[in-house]
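K.L.:
Mind looking over this structure? Questions follow.
The values are calculated or read from the model by the stated rules, or taken from the named source; none is laboratory data. Predicted model, so just to flag it, every value in this text is computed and none were measured. Here the Cβ positions follow ideal geometry from the backbone for every residue, glycine too, while neighbour counts run over all protein chains shown.
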Protein chains: 2
Amino acid sequence: MALQFPEGLKRQAAGLASDLKSAGFDVIISGDPCYGACDLALDTVTEGKADVLVHFGHAPVDDRPDVIFEPWIVDFDVEVLAQALPPLREKTVGLVTTVQHAHLVPAMEAFLASRGYEARVGEGTPRTPLRGQVLGCSFAAAKATGAREILFVGTGVFHPIGIALATRARVIALDPLTGTAQEVSAESLLRRRSAVIEKARAAWSFGIILSTKSGQERRALARRLATLAPGAVIITMREVSPDQILNLGFDCYVNTACPRLAYDDQVRFGRPVLSPQEFEILCGVRAWDDYTIDEIA
Amino acid sequence: MALQFPEGLKRQAAGLASDLKSAGFDVIISGDPCYGACDLALDTVTEGKADVLVHFGHAPVDDRPDVIFEPWIVDFDVEVLAQALPPLREKTVGLVTTVQHAHLVPAMEAFLASRGYEARVGEGTPRTPLRGQVLGCSFAAAKATGAREILFVGTGVFHPIGIALATRARVIALDPLTGTAQEVSAESLLRRRSAVIEKARAAWSFGIILSTKSGQERRALARRLATLAPGAVIITMREVSPDQILNLGFDCYVNTACPRLAYDDQVRFGRPVLSPQEFEILCGVRAWDDYTIDEIA
């Protein structure tokens, strides 16, 4: 069997592999970087190399008979949601979270009900199969709530900013591990992205990045975008790294791989890296007022 | 068509792709790192994505009907070989070079003959198809000369050190671009590698690195090495990076991918990375006196 771990769990690999080897299993570890279930190490199970891939820490984003998705749950006391109540303005609130906390959704709903709030929870979709689950590239569970106010329970600000852009709802983010609750706005991201688009106006050559990862390969989108500018060429990439961005020497890149790369990592790239929608704005086929966050359906 | 360039030629990609696009071709660039013909971007031509892959700058290491190998030759005036004559002790000398200079082998032979030297040149092999060509992982053309003294024409000291270890001959290296000639010895590499083996004696867990690159995947070797220690587990990796070496957390690694990774990049890795032969020495199944450089046949 092959084992795959996201970066934060890779340190478990040596011990677990050794235990499985002692128990008589033939074990191979996938050592490549992994940031999501969109990046399955399918090369370990092709051509009969391993019978099955055990992927730790993520829920499936698509259906694969030869992959076992092994959750890595992170518990917290749902009483921490009390910290998120003062910033809420509505009594009906959309509730969303990330994969490692999704098992606590029923307990969070019950807690909110006990305090007089109606929690609306979106059902699973093929890419986010758990109730109430969002990904950094899929906010369907937030949109499905139809709520004017959404409570995101999880760490970081990327998911709640994406939810704000995707839903236009007011978003409160609660970090369940620190108990910090804050209203999150998309304004600062929009200002930064507007500046990147302006910087890209001087560009002549555009590298349209096409991922070769299992759940990020948006070939039809890349082909359409490549028709929007004469100097646009499709570039296949597995890992989108600052080194490769620099070595390839294009004036500007358009990212059809993991949407977060453009938003989160712009500061690491020496060149403008636009989302598909931002490239459309640059090419005049989309209005700035129709700006939206990039999602993988 | 898909285009693939080694790192040093990647800057040619944007201009060439644009020219080909203007001429009516449907072009895709492989943007992943590439250091040799052992790392073909076959993912660009599988499932009918492109009809053909044009790989620049390297001679083939294996036969592929869907890949065109486009040479990138680097010329120099063969008179520069005069700089290498004073350090030579023999009148019969093995002559080897790297892919970008291999077209000059006949001119170099003629120059040496004109100065009274007999140049012996090894014929091509499947992995090094050009006469007199060596790779950093294959010194067959040097061994085939049977010469007691070998003249390597090319840049850097890795190839001549490898030749010295593989042939036990005296090796003179001439950089044809600077005109610098020097005798190259393997002593310092052997001292450094001995120290790395000693450092690895404290290790309990061993990650046996198995490359997924087209010309580096030595699966049978990796499986055999994994039987030599209880804490040894096979790890598949595309790019062997310091980040992944650190994240995976093994005490020591054994490299069955590009042999140069262990020899050249040890200083970048925070853990000992042994060659297959060094791991055999560590495990007591090979004597230090049988130390040899790792080659891919």
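K.L.:
May I ask you to list the residues in the range A:208-221 that are within 13 Å of another protein chain (Cβ to nearest Cβ), in contact (Cβ under 8 Å) with a residue 24 or more places away in the chain, surrounded by fewer than 23 Cβ atoms within 10 Å (Cβ to Cβ) and not in a loop (DSSP other than H, G, I, E, B)?
P.N.:
none
K.L.:
Ok, one more. So residue A:73 fits all but one of (1) away from every other protein chain (no Cβ under 12 Å); (2) surrounded by 14 or more Cβ atoms within 10 Å (Cβ to Cβ); what number is the exception?
P.N.:
So the condition that residue A:73 fails would be (2).
K.L.:
Can residue A:130 be described as touching a residue at least 40 places away in the same chain (Cβ under 8 Å), out of contact with any Cys (no Cβ under 8 Å at 6 or more places or on another chain) and outside any helix (DSSP H, G or I)?
P.N.:
Yes.
K.L.:
Restricting to the range B:240-258, and then to whatever is at the interface with chain A (Cβ under 7 Å from one of its Cβ atoms) and surrounded by 21 or more Cβ atoms within 10 Å (Cβ to Cβ), can you tell me which residue is nearest to residue A:53 (Cα to Cα)?
P.N.:
B:248
K.L.:
Let me confirm something: among B:253, B:263, which residue is among the aromatic types (Phe, Trp, Tyr) and more than 17 Å from the chain's Cα centre (by Cα)?
P.N.:
Step by step, each of B:253, B:263 is checked, and only B:253 is among the aromatic types (Phe, Trp, Tyr) and more than 17 Å from the chain's Cα centre (by Cα).
K.L.:
Enumerate the strands (runs of 3 or more DSSP E) found wholly within the range A:1-108, keeping only those where 1 or more residues are in contact (Cβ under 8 Å) with a residue 60 or more places away in the chain.
P.N.:
So the answer is A:92-97.
K.L.:
Within the range A:102-120, is even one residue within 23 Å of residue A:163 (Cβ to Cβ) and in contact with a Cys (Cβ under 9 Å, 6 or more places away or on another chain)?
P.N.:
Scanning the range A:102-120 turns up no residue that is within 23 Å of residue A:163 (Cβ to Cβ) and in contact with a Cys (Cβ under 9 Å, 6 or more places away or on another chain).
K.L.:
So residue B:155 ticks every box in (1) in contact with a helix residue (DSSP H, G or I) (Cβ under 9 Å, 6 or more places away or on another chain); (2) β-branched (Val, Ile, Thr); (3) away from chain A (no Cβ under 14 Å) but one. Which box is left unticked?
P.N.:
Only one criterion in (1) in contact with a helix residue (DSSP H, G or I) (Cβ under 9 Å, 6 or more places away or on another chain); (2) β-branched (Val, Ile, Thr); (3) away from chain A (no Cβ under 14 Å) is unmet by residue B:155, namely (1).
K.L.:
Also, I was wondering about something else. Of all residues in the range A:20-53, which are farther than 20 Å from residue B:223 by Cβ and more than 9 Å from chain B (Cβ to nearest Cβ)?
P.N.:
Residues satisfying the conditions are A:34, A:35, A:36, A:37, A:38, A:39, A:40, A:42.
K.L.:
Moving to a separate point now. For the range B:238-263, enumerate the residues that are part of a helix (DSSP H, G or I) and of a type in the set (Ser, Thr, Tyr).
P.N.:
Passing the criteria: only B:263.
K.L.:
Give the residues of the range A:222-239 that are more than 8 Å from every other protein chain (Cβ to nearest Cβ) and within 17 Å of residue B:30 (Cα to Cα), sorted by residue number.
P.N.:
Of everything in the range A:222-239, those that are more than 8 Å from every other protein chain (Cβ to nearest Cβ) and within 17 Å of residue B:30 (Cα to Cα) turn out to be A:222, A:223, A:226, A:232.
A quick yes/no check of all residues on (1) among the acidic types (Asp, Glu); (2) under 20 Å from residue B:85 (Cα atoms); (3) in contact with a strand residue (DSSP E or B) (Cβ under 8 Å, 6 or more places away or on another chain); (4) modelled with pLDDT under 95:
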{"position": "B:132", "(1), (2), (3), (4)": "no, yes, yes, no"}
{"position": "B:137", "(1), (2), (3), (4)": "no, no, no, no"}
{"position": "B:141", "(1), (2), (3), (4)": "no, no, yes, no"}
{"position": "B:145", "(1), (2), (3), (4)": "no, yes, yes, no"}
{"position": "B:149", "(1), (2), (3), (4)": "yes, yes, yes, no"}
{"position": "B:153", "(1), (2), (3), (4)": "no, yes, yes, no"}
{"position": "B:163", "(1), (2), (3), (4)": "no, yes, yes, no"}
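K.L.:
Keeping to the range B:9-19, report how many residues are aliphatic (A, V, I, L, M) and at the interface with chain A (Cβ under 9 Å from one of its Cβ atoms).
P.N.:
So the answer is 3.
K.L.:
The conditions are (1) under 15 Å from residue B:199 (Cβ atoms); (2) surrounded by fewer than 20 Cβ atoms within 10 Å (Cβ to Cβ); (3) within 13 Å of chain A (Cβ to nearest Cβ); (4) of a type in the set (A, V, I, L, M, F, W, C), and residue B:267 fails exactly one of them. Which is it?
P.N.:
(3)
K.L.:
So residue B:236 passes all but one of these: (1) at pLDDT 95 or above; (2) out of contact with any Pro (no Cβ under 9 Å at 6 or more places or on another chain); (3) closer than 24 Å to residue B:140 by Cβ. Which condition number does it fail?
P.N.:
Checking residue B:236 against (1) at pLDDT 95 or above; (2) out of contact with any Pro (no Cβ under 9 Å at 6 or more places or on another chain); (3) closer than 24 Å to residue B:140 by Cβ, the one that fails is (3).
K.L.:
What number of residues within the range A:111-142 satisfy the criterion of being under 15 Å from the mean Cα position of the chain (by Cα) and either surrounded by fewer than 18 Cβ atoms within 10 Å (Cβ to Cβ) or farther than 23 Å from residue A:91 by Cα (or both)?
P.N.:
Result for the range A:111-142: 10.
K.L.:
Let me ask something else. Inside the range B:40-49, can you point out the residues that are surrounded by fewer than 21 Cβ atoms within 10 Å (Cβ to Cβ) and not β-branched (Val, Ile, Thr)?
P.N.:
B:42, B:43, B:47, B:48, B:49
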